[in-house]
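First comes the structure, then the notes that go with it.
The values are calculated or read from the model by the stated rules, or taken from the named source; none is laboratory data. Given the structure is predicted, the values throughout are model-derived calculations rather than measurements. Cβ placement follows ideal geometry from the backbone for every residue including glycine, while neighbour counts extend to all protein chains displayed. Ligands, DNA and RNA are excluded from the accessible area calculation, which covers all protein heavy atoms including side chains. Shrake-Rupley method; radii C 1.70, N 1.55, O 1.52, S 1.80 Å.
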Amino acid sequence: MASTLAEKTCTPCRGGVPPFTPEEAEAYRTQAPDWSLMDDATRIERRYRFKDFGEAFAFVMRAGELAKAQGHHPDISFGWGYASVSLRTKKIKGLHENDFIMAVKLDRISEGVVEAAARPKG
Ligand SMILES: C[C@H](O)[C@H](O)[C@H]1CNC2=NC(N)=NC(=O)C2=N1
């Protein structure tokens, strides 16, 4: 991997490429170690913890903006104090570099949301 995933942008995936093998997925996961390979390495998942519903919602809103900008979309469930994110490339029914690019960028968003909440108001 030339540049780090964080500097990359998702590329349109119109299918026709094979999904990552478990070995390939594991190699990418080293850059997103808080994510777990699920369903025979056809998707990755992470549960983020936040201090309350508002912080979780702020994360989800920013995740939505990121997905729109990147053209690659996660599945997110959230509630008071948590957001659970699942990523897979639906077009190829498995994992693609786009999923790991999104994972790394979502990790940065989550750190930003927690920091923002920690800053004193005003
Ligand atoms: C052309 C464009 O890349 C596709 O329509 C994108 C949109 N967002 C996507 N998001 C996800 N998670 N999987 C996809 O296969 C996908 N395809």
- Task: Check cross-link reach from Lys121 to the lysines: straight Cα distance under 27 Å, and skip same-chain residues fewer than eight apart.
- Result: Lys51, Lys105
- Tell me, what HN-Hα J-couplings in whole Hz come from the Karplus equation 6.51 cos²θ - 1.76 cosθ + 1.60 at θ = phi - 60° for each residue of segment 54-65, using x for Gly and Pro? x, 5, 4, 5, 4, 4, 4, 5, 5, 5, x, 4
- Residue-normalised value, i.e. accessible area per residue, for segment 21-118 at 1.4 Å probe, in Å², stands at 51 Å²
- Task: Just the ratio, please: alpha-carbon radius of gyration of segment 47-118 over 2.2 N^0.38 Å, N its number of residues.
- Result: 1.08
- Can you give the Kirkwood hydrodynamic radius of the chain from its Cα pairs, in Å with one decimal? 14.8 Å
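Mind listing which chymotrypsin sites (Phe, Trp or Tyr not before Pro) in segment 33-122 are in a DSSP loop and have 12 or fewer other Cβ atoms within 10 Å? Don't skip to the answer; put the middle values down first.
Working: sites: Trp35, Tyr48, Phe50, Phe53, Phe57, Phe59, Phe78, Trp80, Tyr82, Phe100; in loops: Trp35, Phe50, Trp80.
Here the sparse-neighbourhood loop sites are Trp80.
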- trypsin sites (Lys or Arg not before Pro), restricted to segment 1-59: which are DSSP loop and have at most 10 other Cβ atoms within 10 Å? Arg14
- Put Val85, Val114 in order of accessible area, largest first, 1.4 Å probe: what do you get? Val114, Val85
- Farthest toward positive dipole pole in segment 21-118 [+1 Lys/Arg, -1 Asp/Glu at C-beta], among Tyr82, Gln70, Leu37: Gln70
